[in-house]
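Read through the structure below, which is laid out as structure tokens, and then see the notes.
The values are calculated or read from the model by the stated rules, or taken from the named source; none is laboratory data. For clarity, every value in this text was computed on a predicted model and none was experimentally measured. Note that each Cβ is placed from the backbone with ideal geometry, even for glycine, and that neighbours are counted across all protein chains shown. Only protein heavy atoms, including side chains, enter the accessible area calculation; ligands, DNA and RNA are left aside. Shrake-Rupley method; radii C 1.70, N 1.55, O 1.52, S 1.80 Å.
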Amino acid sequence: MNRSIRWGIIGTGDIAKKFAAGLSVVPDSELVAVASRTKKNADAFGELFHVAKRHESYQSLAEDRDVDVIYVSTPHNLHKENTLMCLRAGKPVLCEKPFAINAGEATEMVRLARERKIFLMEAMWTRFFPIMTKVREIIAANVIGEVRMLMADFGYRSEDQSFWVFDPKFGGGGLLDVGIYPLSFSHQIFGSPSEISSISHLHGGVDEQSAAILGYEGGRIAIIASAIRTETPQVAYLLGTKGRIYIHSPWWKPETITLSVNGKDELIQIPFQGNGYNYEVAEVARCLREGKTESDTMPLDETLSIMKTMDTIRRQWKLKYPME
Ligand SMILES: NC(=O)c1ccc[n+]([C@@H]2O[C@H](COP(=O)([O-])OP(=O)(O)OC[C@H]3O[C@@H](n4cnc5c(N)ncnc54)[C@H](OP(=O)(O)O)[C@@H]3O)[C@@H](O)[C@H]2O)c1
């Protein structure tokens, strides 16, 4: 594909707007279409981001022949339905996190993409920041030795309890909304856990805050926390046998780390360009150009493993969503 990659967006909410702004600075990608449940929202979004094609149904965007790839930015409970619809129409998909409500849904999505050999990726944008590539390089070069422990958190305090994140029908709660960031990070560093121990405070059928300790082969441990009613420091640590990496707040949108080895601290900064969403856009564009159906940085097996871990954690809390 020599021309630019033509994107369509499903949903016109908060994250869709940030994503569109990020996409606008990626040279080989352009936003050509948007889909909303309503003409009003499609037109408003289209005006804001100069998008010519405005679909009044998600299905109509999925079938749009002028679109190469679709970004799904609807609430969690719709990710499976919207992604399957796009894949059935032959469209590659970048689907927002959490990829689905549970591992069963995620498995269906991955199975269809693999059967049809169509690109599919979870939009875990944190993985694609330049400083995160640096963190992975430092670990691979054994600078901090074997990573033995990981600590990371992501909690914010929302006062707006009418937001769907507080509603179990949408798959609300802190774990699926933001706990997935530290969880995804621990999966990337350590793989799948062999032991999981977690507690949460549930209110109104969703987890307002929670903490989990994950155990891995060889005694490695991850300690993670998340919340939607409590502001947390939003920092991450990787503790190795020879040193440590501290990812400064907000670690999920990172540009600064402190590398500590032999009692010496080195501050390393790699400022991100754009608003940060551009890096996942660039990754998808690269994969599509190279004919890949999965990203090596956010592979589908890892997405499935993350979903399974979230299922186990929720089982420990006896938190089941109405659609389950
Ligand atoms: N990667 C990140 O940094 C990041 C940040 C925030 C959120 N997210 C994820 O992105 C997804 C969307 O979050 P958001 O904050 O953008 O939500 P939002 O502002 O509420 O937007 C969601 C959009 O989905 C569409 N939608 C379809 N059915 C809906 C329904 N029943 N209720 C509400 N909206 C509905 C709406 O668009 P139309 O009216 O146009 O159809 C709405 O604008 C979530 O899964 C969330 O986890 C990711």
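Figures for the structure shown
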| read-out | value |
| --- | --- |
| Residue that is away from the ligand (no atom under 16 Å from the Cβ) and in contact with a helix residue (DSSP H, G or I) (Cβ under 9 Å, 6 or more places away or on another chain), where the choices are Glu146, Glu137 | Glu146 |
| Filtered residue count, the stretch 40-58, keeping only those that are open to solvent by 30 Å² or more (accessible area, probe 1.4 Å), near the ligand (Cβ under 10 Å from one of its atoms) and of a type in the set (A, V, I, L, M, F, W, C) | 1 |
| Boolean, Leu214 is crowded, with 24+ Cβ neighbours inside 10 Å and in contact with a Pro (Cβ under 9 Å, 6 or more places away or on another chain) | yes |
| Count of the stretch 59-100 residues which are over 14 Å from Val32 (Cα atoms), away from the ligand (no atom under 16 Å from the Cβ) and crowded, with 20+ Cβ neighbours inside 10 Å | 3 |
| Boolean, Arg136 is free of Cβ contacts under 8 Å to residues at least 60 places away in the same chain, under 26 Å from Arg220 (Cα atoms) and open to solvent by 20 Å² or more (accessible area, probe 1.4 Å) | yes |
| Positions within the stretch 230-243 being open to solvent by 90 Å² or more (accessible area, probe 1.4 Å) and under 25 Å from the mean Cα position of the chain (by Cα), in sequence order | Glu231 |
| Candidate set: the stretch 288-305, residues that are in contact (Cβ under 8 Å) with a residue 24 or more places away in the chain and farther than 22 Å from Ile189 by Cα; chosen: the one least open to solvent (accessible area, probe 1.4 Å) | Leu288 |
| The listed residue being modelled with pLDDT of 95 or more and within 16 Å of the ligand (Cβ to nearest atom), out of Leu214, Leu176, Leu202 | Leu176 |
| Residues within the stretch 38-62 that are over 25 Å from the mean Cα position of the chain (by Cα) and not aliphatic (A, V, I, L, M), tallied | 11 |
| Selection count where residues are closer than 19 Å to Ser184 by Cα and of a type in the set (Lys, Arg), scope the stretch 248-267 | 1 |
| Residue in the stretch 141-160 that is farthest from the chain's Cα centre (by Cα), counting only those that are farther than 14 Å from Leu259 by Cα and surrounded by fewer than 14 Cβ atoms within 10 Å (Cβ to Cβ) | Glu146 |
| Qualifying residue in the stretch 13-35 (condition: within 15 Å of the chain's Cα centre (by Cα) and among the basic types (Lys, Arg)) | yes |
| Residue within the stretch 263-280 that is among the β-branched types (Val, Ile, Thr) and in a strand (DSSP E or B) present | yes |
| Those residues of the stretch 28-68 which are of a type in the set (A, V, I, L, M, F, W, C) and farther than 20 Å from Lys18 by Cα, in sequence order | Ala62 |
| In the stretch 1-16, the residues that are within 11 Å of the ligand (Cβ to nearest atom) and open to solvent by 60 Å² or more (accessible area, probe 1.4 Å) | Asp14 |
| All positions within the stretch 268-287 that are farther than 19 Å from Gln188 by Cβ and free of Cβ contacts under 8 Å to residues at least 60 places away in the same chain | Pro271 |
| Of residues in the stretch 17-39 being within 14 Å of Tyr58 (Cα to Cα) and surrounded by fewer than 24 Cβ atoms within 10 Å (Cβ to Cβ), the one farthest from the ligand (Cβ to nearest atom) | Ala33 |
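Rundown of residues vs (1) in a helix (DSSP H, G or I); (2) open to solvent by 20 Å² or more (accessible area, probe 1.4 Å); (3) closer than 20 Å to Met149 by Cα, yes/no style:
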{"position": "Pro254", "(1), (2), (3)": "no, no, yes"}
{"position": "Leu259", "(1), (2), (3)": "no, no, yes"}
{"position": "Ala285", "(1), (2), (3)": "yes, no, no"}
{"position": "Met307", "(1), (2), (3)": "yes, no, no"}
{"position": "Tyr321", "(1), (2), (3)": "no, no, no"}
